[in-house]
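Reviewing the structure listed below.
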Amino acid sequence: MTISLRFIIAAGLILFLSRYATGEAMMRIPLKSTKTLWNKDDVTLTNVNDNTYFGQIMVGTPGQPFNVLFDTGSFDLWVPSLKWPKPGSKRYRSSASKTYKPDGKKTEVRYGTGSLKGFMSNDAVEIGGLRIKQQAFIEATEAPGRRIYERPWDGIFGLSGLSKSTITGARPIWRTMMDEGVVTKKVFSIWLRRYSDSAEDGGEIVFGGIDQEHFTGAHTYVHAEGLLNKFMMYSFFVGKIDTKVCSKGCKVVVDTGSTYIRGPPNLIVKINKQIGVAADCSNYDKLSEVISFTIAAKTFTLTPRDYIERKNGKCKSVFSDAVTDFWQLGTPFIRAFHTVWDYQTPGTVKVGFAKSK
């Protein structure tokens with residue numbers, strides 16, 4: 001059955017949408033009325049204070065629920081195993097699944113803010129009623145450094161489109177969805193709403209489609225390359241002042257797993273000095289300068305609301321140091337610009353941006 005899949009990110013509430021099928025090769029989901037491009041199915045995700053966006057998947061038969069972070073900056077799917085030490089965590093029980101297939105290969109994954117150890121397994125994965133018969137994933141046993149234990153989600157759903165992970169050698173789940181005809185279009189798109197905005201939906205991630213209700217104008221597309229879909233960014237301005245950052249071009253990725261816009265420390269210091277926000281927010285209301293940069297000959301601008309994090313009477317810039325030699329456009333950028341990953345042309349990946357509504 002050829003279908004497509006859509007996720008809705010809701011602030012603070014997880015709802016399950018019923019799934020109905022009528023006729024061959026067709027799936028219908030009861031949705032709110034919106035204008036759309038292509039067909040989509042829905043499941044609810046959660047936005048936690050604009051810091052992270054996650055949603056529920058089911059692993060095994062019968063399905064075992066896990067809340068996962070959807071991460072364009074990583075390759076693999078992992079959920080906690082029975083050996084996971086964090087108290088109160090959900091844990092995958094292979095003995096409870098009729099479709100489990102053992103592997104046992106040990107592996108370790110390193111992220112920018114933590115790492116984890118585990119072993120490989122195979123089982124069915126269900127996403128919003130859509131069932132993938134067999135998917136390789138990591139059963140996590142521990143997270144050295146403990147930072148991952150502090151997160152509000154159970155695991156990570158890597159969104160790489162590679163044919164296999166460079167870490168585990170497994171086929172990433174988004175590649176499985178494309179290869180097995182799960183989506184009608186080899187495209188996924190993301191729209192994020194601010195947590196402070198009062199609305200039912202906190203955003204959405206759409207597999208196999210684009211929702212026209214969540215952006216204005218046309219998308220600007222840039223060809224992306226390499227393991228993480230890197231492209232080039234140019235001409236970094238704070239107001240009318242040219243910071244000279246990226247004047248010759250900077251490599252950049254869009255990373256849904258990052259809560260900041262990250263870059264080389266020496267350049268971030270330069271930008272934050274020019275922004276000049278006071279830690280006690282005393283000058284927040286006076287900030288009016290937009291930050292602008294160029295991608296694919298198109299200028300993209302961020303307002304103070306986009307680039308200043310204001311919580312509990314404290315203010316700070318969302319521009320932060322990276323541990324890599326390339327830039328990462330995290331959730332502050334994605335909230336400002338609806339983002340599309342397009343794999344429809346064989347051997348080519350395009351990333352597109354349009355102003356979010």
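Here is how the numbers come out for the structure above:
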item	result
Selection within segment 117-159 - within 19 Å of the chain's Cα centre (by Cα) and closer than 21 Å to ASP103 by Cα	VAL125, GLU126, PHE137, ILE138, GLY155, ILE156, PHE157, GLY158
Residue list for segment 304-346, restricted to those being aliphatic (A, V, I, L, M) and touching a Phe, Trp or Tyr at 6+ places or on another chain (Cβ under 7 Å)	ILE308, VAL318
Which listed residue, of LEU130, LEU162, is more than 21 Å from MET58 (Cβ to Cβ) and in contact with a helix residue (DSSP H, G or I) (Cβ under 9 Å, 6 or more places away or on another chain)	LEU162
Residue that is surrounded by the most Cβ atoms within 10 Å (Cβ to Cβ), among those in segment 298-327 that are part of a loop (DSSP other than H, G, I, E, B) and touching a residue at least 60 places away in the same chain (Cβ under 8 Å)	ALA322
Options VAL349, VAL340; residue that is buried (at least 18 other Cβ atoms within 10 Å of the Cβ), β-branched (Val, Ile, Thr), closer than 23 Å to GLY55 by Cα and modelled with pLDDT of 95 or more	VAL340
Residue match in segment 270-287 (condition: within 30 Å of MET178 (Cβ to Cβ) and surrounded by 14 or more Cβ atoms within 10 Å (Cβ to Cβ))	no
SER89 modelled with pLDDT under 95, over 20 Å from the mean Cα position of the chain (by Cα), not assigned by TED's automatic domain parsing to the domain that holds ASN229 and not in a strand (DSSP E or B)	yes
Residue match in segment 163-186 (condition: outside any helix (DSSP H, G or I), over 22 Å from ASP255 (Cβ atoms) and of a type in the set (D, E, K, R))	yes
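The values are calculated or read from the model by the stated rules, or taken from the named source; none is laboratory data. Bear in mind that the values here come from a model prediction, so they are computed numbers and not experimental data. Every residue, glycine as well, gets a Cβ built from its backbone with ideal geometry; the counts of neighbours run over all protein chains shown.
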